[in-house]
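Colleague: Encoded as structure tokens, here's the structure I'll be asking about.
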Amino acid sequence: MLPHPTLAAHYATPEAKAEFVDRLFNEGAQHYDSIVDWGFLHTGGSYRRWTLKRHGLKPGDRLLDVACGTGLVALEAAKVLGGAENITCIDPSEGMLACARSKLRAHFVQGRAESLPTADNTFDFLSMGFALRHVTSLEDTFREFLRVLKPGGKVLILEITKPKGRVASFAFRLYFSRIYPFLARVFTRSTAARDMMYYYWETMDACVPPETVLQALSAAGLVNARRDLVIGLFSEYTATKPLGDVVQS
């Protein structure tokens, strides 16, 4: 299952999605951090760190940060862990990885969530920050999460979800579909930055409901799947790999 329907304005088939997304983020990578920083009122770092700690990341854990982008989640995780030596960052975009490598001394691997280039039963904690909408299959992604986690290991997926109220929904649409892409273009003078942020909106608008994400997590074999909602906007999906479940590929 795709996390959202095919967006025909950008690619013709689900198979073409990965190539489009890679190109989009490669072209906009150099602008990503500044756009996200002011776009979320300079609160992103503290929120990511607070959320990682609240959901159980602790010193000594081995962390896999999937679709790491420019390393914004991994950077905060390193502060929780006391260093980056136990962090592995994976992303399909070489442009994004180049930005991430400049920030911390983690292990970096180019790859996709649907086919993780890591060993079975390896990680205590797996994070994915605001990138679930960009995968090509929820089922394949979550089965891979199950495979690479140690028994008892935890998944934390951060996402932005459209609010349900009419006023809140209107404000959400106005900001993410109009104001944010426009300001991204003005401040960066980059059409790639604008296009990247508008695509962010398109995928949020079309994304499957939270119930579907939870069902897919459970169907993959993960347990205790739940969603915590923060300020009516930020979805925090968590699940764990069953104890005694040693998956072998």
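Colleague: Is one or more of the residues making up the stretch 11-32 under 20 Å from GLU236 (Cβ atoms) and modelled with pLDDT of 95 or more?
Modeller: There is no residue in the stretch 11-32 that is under 20 Å from GLU236 (Cβ atoms) and modelled with pLDDT of 95 or more.
Colleague: Also, I was wondering about something else. Just to be sure before I move on: is THR70 crowded, with 20+ Cβ neighbours inside 10 Å, of a type outside the set (D, E, K, R) and not in a strand (DSSP E or B) in the structure I sent?
Modeller: In short, yes.
Colleague: Among the numbered criteria (1) farther than 24 Å from MET128 by Cα; (2) part of a loop (DSSP other than H, G, I, E, B), which single criterion is violated by PRO163?
Modeller: Here PRO163 meets the rest and fails (1).
Colleague: Next question, about the same structure. Write out, first by first residue and then by second, each pair whose Cβ atoms fall under 7 Å of each other, whose residues are 6+ apart or on separate chains, and whose first residue, in the stretch 222-249, is modelled with pLDDT under 95 while the second is hydroxyl-bearing (Ser, Thr, Tyr).
Modeller: Every condition considered, the pairs that remain are LEU233/THR161.
Colleague: Restricting to the stretch 89-131, and then to whatever is assigned to a helix (DSSP H, G or I), touching a residue at least 60 places away in the same chain (Cβ under 8 Å) and of a type in the set (A, V, I, L, M), can you tell me which residue is surrounded by the most Cβ atoms within 10 Å (Cβ to Cβ)?
Modeller: Filtering the stretch 89-131 for residues that are assigned to a helix (DSSP H, G or I), touching a residue at least 60 places away in the same chain (Cβ under 8 Å) and of a type in the set (A, V, I, L, M), the one surrounded by the most Cβ atoms within 10 Å (Cβ to Cβ) comes out as MET96.
Colleague: A further question follows. Which ones in the stretch 2-54 are hydroxyl-bearing (Ser, Thr, Tyr) and either surrounded by fewer than 18 Cβ atoms within 10 Å (Cβ to Cβ) or over 26 Å from LEU75 (Cα atoms) (or both)?
Modeller: If the condition is that a residue be hydroxyl-bearing (Ser, Thr, Tyr) and either surrounded by fewer than 18 Cβ atoms within 10 Å (Cβ to Cβ) or over 26 Å from LEU75 (Cα atoms) (or both), then THR6, TYR11, THR13, SER34, THR43, SER46, TYR47 are the ones that fit.
Colleague: While we're looking at this one, here's another question. Filter the stretch 10-58 down to the residues that are part of a loop (DSSP other than H, G, I, E, B) and touching a residue at least 24 places away in the same chain (Cβ under 8 Å), then identify the one that is farthest from MET128 (Cα to Cα).
Modeller: HIS10
Colleague: Turning to a different aspect of this structure: The conditions are (1) more than 24 Å from THR13 (Cα to Cα); (2) in contact with a helix residue (DSSP H, G or I) (Cβ under 7 Å, 6 or more places away or on another chain), and ARG189 fails exactly one of them. Which is it?
Modeller: Just one mismatch for ARG189, condition (2).
Colleague: Could you please give the count of residues in the stretch 198-240 that are of a type in the set (Asp, Glu), more than 21 Å from PHE25 (Cβ to Cβ) and in a helix (DSSP H, G or I)?
Modeller: 1
Colleague: Among the residues of the stretch 142-160, which ones are on the phi > 0 side of the Ramachandran plot and among the hydrophobic types (A, V, I, L, M, F, W, C)?
Modeller: none
Colleague: Here is a list: LYS79, LYS58. Which entry is touching a helix residue (DSSP H, G or I) at 6+ places or on another chain (Cβ under 9 Å), closer than 19 Å to THR240 by Cβ and at pLDDT 95 or above?
Modeller: After applying the criteria, what remains is LYS58.
Colleague: Does any residue in the stretch 174-197 that is within 19 Å of ASN26 (Cα to Cα) come within less than 7 Å, Cβ to Cβ, of a residue that is among the polar types (S, T, N, Q) and part of a helix (DSSP H, G or I) six or more places away or on a different chain, and which pairs are these?
Modeller: ARG185/THR191
Colleague: How many of the residues in the stretch 136-154 are more than 20 Å from THR51 (Cβ to Cβ) and either of a type in the set (Lys, Arg) or in a loop (DSSP other than H, G, I, E, B) (or both)?
Modeller: Adding up the residues that qualify gives 5.
Colleague: Okay, moving on. Filtering the stretch 212-230 down to residues that are of a type outside the set (A, V, I, L, M, F, W, C) and over 17 Å from the mean Cα position of the chain (by Cα), which residue is nearest to LYS154 (Cα to Cα)? Give the derivation first.
Modeller: Going residue by residue through the stretch 212-230, those that are of a type outside the set (A, V, I, L, M, F, W, C) are 212, 215, 218, 221, 224, 226-228.
After this cut, where a residue has to be over 17 Å from the mean Cα position of the chain (by Cα) as well, the list is 215, 218, 221, 224.
Details: GLN215: 16, SER218: 13, GLY221: 12, ASN224: 10 Å.
So, considering only residues that are of a type outside the set (A, V, I, L, M, F, W, C) and over 17 Å from the mean Cα position of the chain (by Cα), the one nearest to LYS154 (Cα to Cα) is ASN224.
The values are calculated or read from the model by the stated rules, or taken from the named source; none is laboratory data. Just so you know, these numbers come straight off a predicted model, no measurement behind them. As a convention, Cβ positions derive from the backbone with ideal geometry for all residues, glycine included, and neighbour counts pool all protein chains shown.
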